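First the structure, in the form of structure tokens, and then the observations on it.
Each value in this text was obtained by applying a stated rule to the coordinates, not by laboratory testing. Here the structure is a predicted model, which is why all the values come from computation and not from measurement. Counting neighbours? That spans all protein chains shown, and the Cβs are built from the backbone with ideal geometry, glycine included.
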């Protein structure tokens, strides 16, 4: 029997090429996600329903388009070779092209204009040692520790590998960076070098890394990217399910996120002309599932009642334990969480908002992402909950939805003609969450979507002489509102909000609004007593409060009290990186937080149904 020749896949993205053997993968999505360094979005986890994992077959023979692909890809695009990676299997050697990675735009609020207050006890110690001789044959390690300057200070074993080289290159003089009683990094000679650290926020959709000088508190740079795990699903449940399918999948999820974080840190070090070994401290925050996957902790019990994580305690790890290319003696701090769905990222947001130190203010904080986490500050006592809002407000599960990338439509303004803006003023590629809310508010105001969420057909709207009725069209037999025609979009496809998109937003906004009301009902607090309403996260940074109120996402009673605080989770992580006082506040916030499990709350269930309607 003739041996079958292995199938080779040639992949190109952003001018980079990769050749690999297809092997026993189930489809091209699995091959690309596990065997190449390229990024591909698959918000449904490869189930063939989101239509986001698009590739272009340049040459070779793939499997025939499936019925699902024909529903999600226009005929003319199929003719050009556009396919869904999760539904395509190679039948011969293939050459495929992936869409170039879109630039993720960081919020201006993520940039720190002035140095942060530093109170960590990081200091430099310069040690001059007597060189060894036949009469003094002490080991390098013993020789170093015998210095009076290092009395009571630990030298981590992870640094021993570099010790002989550093001592001899410096002619037995060495400078060390010390935190409390532990050496974090060291280098040859007597020249003092500042220590550096990174704050990392692992979001389900976005990963952000902030670089700081630990001696001065100066912010040196920020890098944001879409989470590399997105290829395995848009939400935490999808990723937990993927992890449960086998140890290999579980390891893949951990490797993806740690490799991404490491690459981002190294890039920040490079553009700041720093050796990565001078980065010796990190704080990492995120929702509990993201933290579990990064640390290699089994997350399956988070996804099933009674929703028990492996740990919610603060942890201190070495950089080597996570395989990060930082100082081998460096430390990674993992702040505490509250529960399976209220993590260190939300505590970091509370820290950044100032609520933790402002016990006299009654305030609400909400971070609307894949989940909607809400915290109520009632005179220093915190009540928190998490709503399963789904990723619609981050552009996922929306037919033309995208994250906060260049070209994302982030605002829509009514007038004689509808105007819109895009991030970085690029050609439009899709709607991010704020743009979706703006457009839906416009459709409600124009009467093209009614209180129940039903979108009128073009015929109905024309009969009533409603504004913008001519923009109504149909997608798979359902009404849709076309904002950008195909000829004006960067994708070459029309950008529309469909009836199904409206339903996704309706479900998400009802969950958020019901969660807010549940917390207030818990202590019988009227809206009038809320003094401040903090909107955290990238979505909140662009959100038009008037539009959010119009669709019922935010209660009208809170108008005028809304303050956007950007990526507060990243800010809180940064504060705790440079300040021991700030880090200790994490524990204080955790101890003062009461968690409400909404899935078992009858009050929430009733309010959720009530909030499903759009305001009239």
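Worth a mention:
- Segments 593-599, 511-517 sorted - mean Cβ within 10 Å per residue, highest first: 511-517, 593-599
- Length gained on full extension, residue 464 to residue 18, computed as 0.36 nm times the residue gap minus the Cα-Cα distance: 155.0 nm.
- Expressed to the nearest 5 percent, the antiparallel share of DSSP beta bridges inside the chain is 70 percent.
- Inter-label distance, nm, simple model (7 Å from Cα along the C-beta direction), residue 321/residue 595: 2.1 nm
- Whole-angstrom gap from region 151-183 to region 570-616, using each part's C-alpha centre: 42 Å
- Across region 102-334, C-alpha contacts under 8 Å between residues 6 or more apart give a mean separation that, scaled by the residue count, equals a relative contact order of 19 percent.
- P(r) weight above 18 Å for region 8-98, C-alpha pairs, percent: 36 percent
- The smallest convex shape that holds all Cα atoms of region 231-295, its convex hull, gives 100 Å³ per residue.
- Footprinting exposure proxy for 86, 385 (fewest neighbouring C-beta atoms within 10 Å first): 385, 86
- Kirkwood hydrodynamic radius (C-alpha pairs) into Stokes-Einstein, region 392-504, 25 °C and 0.890 mPa s, D in µm²/s: 178 µm²/s
- Cβ-based exposure ranking for 327, 399, in which fewest neighbours within 10 Å come first: 399, 327
- The C-alpha atoms of the chain define a longest principal axis, and helix 344-353 lies at about 90 degrees to it.
- Based on Cα contacts under 8 Å between residues 6+ apart, the chain shows a relative contact order of 13 percent.
- Region 466-509: Cα Rg divided by the 2.2 N^0.38 Å rule of thumb: 1.23
- A crude spin-label estimate for the pair residue 49 and residue 135, with each label 7 Å from Cα along the Cβ direction, gives 8.1 nm.
- Relative exposure of 455, 290, judged by other C-beta atoms within 10 Å (fewest first): 455, 290
- For the chain, the percent of C-alpha pairs falling in each 10 Å distance bin, counted from 0 to the bin holding the largest distance, reads 3, 16, 24, 24, 18, 9, 4, 1, 0, 0, 0.
- Alpha carbon convex hull of region 290-408, projected area averaged over orientations, nm²: 10.1 nm²
- Using alpha-carbon coordinates, inclination of helix 433-446 to the longest axis of the chain, degrees: 20 degrees
- Antiparallel %, DSSP beta bridges [both residues in region 102-334], to 5: 75 percent
- Measuring between their Cα centroids, region 257-274 and region 2-73 lie 28 Å from each other.
- Net length gained if the chain between residue 500 and residue 314 were fully extended (0.36 nm per residue, minus Cα distance): 62.8 nm
- Per-peptide packing, taken as the mean over residues of other Cβ atoms within 10 Å, places 356-366, 69-79 in the sequence 356-366, 69-79 from highest down.
- Extent along principal axes [Cα atoms of region 102-334; Å; largest to smallest]: 65, 40, 28
- Relative to the dominant Cα principal axis of the chain, helix 499-522 is inclined by about 60°.
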